[in-house]
Every structure is written in C-alpha cells, then in structure tokens.
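Right, one structure below, let's go through it.
Readers should treat all values here as calculations from the given coordinates under stated rules, not as data from a laboratory. Small disclaimer: the values here were computed from a predicted structure and weren't measured. Neighbour counts are summed over all protein chains in view; Cβ atoms, including those assigned to glycine, are modelled from backbone coordinates with ideal geometry.
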Amino acid sequence: MITTNQFKNGNHIEVEGTIFKVVDSQHVKPGKGAAFVRTKLRRAADGAVIDRTFRAGEKFRSVRTEARKMQFLYADGTEAHFMDTSSYEQMAVPQESVQDALRWTRPSDEVDVLFIDDRPSDLQLPSSVELEVTQTDPGLKGDTVSGGGNKPATLETGAKIQVPLFVDVGDRVKVQTSSGEYMARA
C-alpha cells in the first residue's frame, strides 16, 4: 500500500480499479480544514490526464512496474512495434498510449518499455535526446534586435520544435524530452 504522503512523480497507483501514473502532486495544508493532496494523474490505458484531489493519508494499492530494454521497430498508425533484445520476441503496444514518447524515438532505437502488472503500457525516455534537423527555414542576419530569436524546425522523428536562428538543416540538436524544448547543438 502507498499513501498520499509517499506520492512521487512517476509512481503508479490503482484508483477505483484503474491504474494511473502520478504526473504531479502537491500537498496542500489550508489554514482551516484538513490537509489534502492535489494531483495530476495519467491513465495508463489511454494516456488521458486528469486532475484529482485526495485526503491526506489516503491509501492506494501500489502497482508493480518493470522496465525492459527493447528495440523500437516501427509504428503503423494503430500500434507501435517493439522487439525484446534478449529473446528477439516481438510485441505491439497501442500507439496512442506511447504517442508522446514516440515523438523522440527513431526506428531501431533502444528504449525502456514500462510493464505494469506484466502488461506493456509506456516508454521511459532519457531526459534528453539528440536528433537531426530535417527541415527549417534559414535564419537571416538582422532578424532580431538582441541577437536571440527562434524559428520552427522539424526533426528526423517528425517532431516540431522551436530552435535558435543559427540552427540549420543537418545540424544535430539536443532536446529535452519532458517539455520538447531545444537545449543545445550536439
């Protein structure tokens, strides 16, 4: 069992028979009344995010999770296909449950597939990835007053981000996977 006081971002809990991942939690102690915990939860089945408030100290069943190294093969529009690197066994995961993580994953990349109660449900990504810019407009000298500024760019995985004006097609950039923000040139 896990209580609301032990919530950490990334924990998995079962609420009323549904498994959720804790995206954000905030312990609130109002001046009057009992303390409570305000959370943002992502449903493991379909990736929907909900806001939920619990009484402080409320208990939930903690869910057993396991990460396995797998190779991302391809996504066909409805399912994402992976191969276990040790047994060469292939499996498919509904694409909508891993859609956000696939923005930062190239075919044949190794990823950690998160299994919840022995069922694949999500991908665990590193905090940043290095990807190649495949399309962006050229930055023109004099576009900005202070030397800064951004322009849209498309990466090799199809993700669209904002990059500084000096980044060109073919450059490799480092991107933060949680927010999708440009970090540096690689």
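Structure notes:
- Spatially close lysines, pair count over the chain: Cα under 16 Å, gap of eight or more or interchain: 9
- Full-extension gain in nm, Lys69 to Ala92, via 0.36 nm per residue minus C-alpha separation: 6.8 nm
- Each Lys or Arg adds one and each Asp or Glu takes one away; over the other residues whose Cβ falls under 15 Å from the Cβ of Val169, this sums to -1.
- About its Cα centre, the chain has a charge dipole of approximately 1100 debye under the convention of +1 per Lys or Arg Cβ and -1 per Asp or Glu Cβ, with nothing else charged.
- Sites Met1 and Arg106 - FRET efficiency at Förster radius 45 Å, r taken between beta-carbons, to 0.05: 0.65
- Given charges at beta-carbon only (K, R positive; D, E negative), |dipole| of the stretch 65-124 in Debye: 180
- Net length available on complete extension from Asp51 to Ala184 is 44.6 nm, with 0.36 nm assigned per residue and the Cα-Cα distance removed.
- 25 °C / 0.890 mPa s Stokes-Einstein diffusion coefficient of the stretch 2-62, Kirkwood radius on C-alpha pairs, µm²/s: 210
- Trypsin sites (Lys or Arg not before Pro) lying in DSSP loop within the stretch 32-123, provided at most 12 other Cβ fall within 10 Å: Lys32, Arg64
- Cα gyration tensor of the stretch 65-124 - equivalent ellipsoid semi-axes, whole Å, descending: 15, 13, 11
- Multiplying the residue separation of Glu58 and Glu16 by 0.36 nm and subtracting their alpha-carbon distance yields 13.8 nm.
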